[in-house]
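The values are calculated or read from the model by the stated rules, or taken from the named source; none is laboratory data. Just so it is clear, the structure is predicted and the values come from calculations on it, not from any experiment. So basically every Cβ, Gly included, is an ideal-geometry build from the backbone, and we count neighbours across all protein chains shown. For the accessible areas, the whole protein counts, side chains as well, though only heavy atoms, and no ligand, DNA or RNA atoms are used. Shrake-Rupley method; radii C 1.70, N 1.55, O 1.52, S 1.80 Å.
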Amino acid sequence: MDPFSAEGELLNIHSAFHSGQYQNIALGQFDESLAEPSIEEDSPDLSAIRALALQSSGNTDAALQLAQELTENYPENNTVQVLAATVLQAQGHSEDALTLLSKHQGNLEAVSLIVQIHLQQNRTDLAVKEVQAAKRWGQDSLLVNVAESWVGLRVGGESYQSAFYVFEELASAPGTSAPLSIVGQAIAEIHLGRLPEAEAAITAALEKYPTDVELIANSIVLNVLASKQTEDLESRLQQIQPAHPLLADIQEKSEFFDTAAAKFSAKVSS
């Protein structure tokens, strides 16, 4: 194999991953991946991929066990840091994931995941700190710009417009349009009060990517804001990813409402 061709392909994969073009690089063939010949113990990179495949295929117990073993034995490995931490975070072990990721040495994927975890923890201050540190040594990286835009959507104010420009550029660049970029662009539009523009972007994207769960989830949120029906979208999301966090949140809020409503009974005057 031509090493320059291989290097170019790797760069294309990185670019696709960072810009959210998962449909170009993620085939969803978990069973085929797991059916590959057994992985030697001294192959932490391939073992980390196996852990993620196990997690993605629903074999969460085996995924967690392997991720924990890799964390203990290969904490300095870049692939282990990102993929094992992804498994740990997916199963609610946020602090373990952050401990592993903190061992990185200039690993932008690790920085990205750290920022995502802090945002999920509602620790925007820590996410801002992580991005600012990364900008000192990786300021020209697409991934740093995207991570800063994620944070900007949480910080608000002028950061909404800055984030919009980043996602708009990603979504409109030839060959790089992807659901993740469009979702980011639409979320920025929502915060800027431009609901029709956000709806137009997400509707067009859903026509092209009708099974993308984040597009569906954000379309549900947008419809709620616009006082439109969401039942069909919720049903579609339920079919594709029953355990999606938005569906769990909707169910939880529904149960809270039913509990509160049960405390009140209609008073009928005699």
Quick check, is Asp212 surrounded by 10 or more Cβ atoms within 10 Å (Cβ to Cβ) and either out of contact with any strand residue (DSSP E or B) (no Cβ under 8 Å at 6 or more places or on another chain) or under 27 Å from Ser149 (Cβ atoms) (or both)? yes
Residue check, Asp140 against (1) modelled with pLDDT under 90; (2) more than 22 Å from Val82 (Cα to Cα); (3) open to solvent by 40 Å² or more (accessible area, probe 1.4 Å), all met but one. Which one? (2)
Within segment 97-122, track down each residue that is at negative phi and either in contact with a Cys (Cβ under 8 Å, 6 or more places away or on another chain) or loosely packed, with under 15 Cβ neighbours inside 10 Å (or both). Thr99, Ser102, Gln105, Gln120, Gln121
Read through the list (1) surrounded by 15 or more Cβ atoms within 10 Å (Cβ to Cβ); (2) not in a helix (DSSP H, G or I), then give the number of the only condition that Ala134 fails. (2)
Could you tell me whether any residue of segment 60-80 is within 23 Å of Pro245 (Cβ to Cβ), in contact (Cβ under 8 Å) with a residue 12 or more places away in the chain and open to solvent by 40 Å² or more (accessible area, probe 1.4 Å)? yes
I'd like the residue in segment 234-244 that is surrounded by 11 or more Cβ atoms within 10 Å (Cβ to Cβ) and under 17 Å from the mean Cα position of the chain (by Cα) and, out of all such residues, is modelled with the highest pLDDT. Leu237
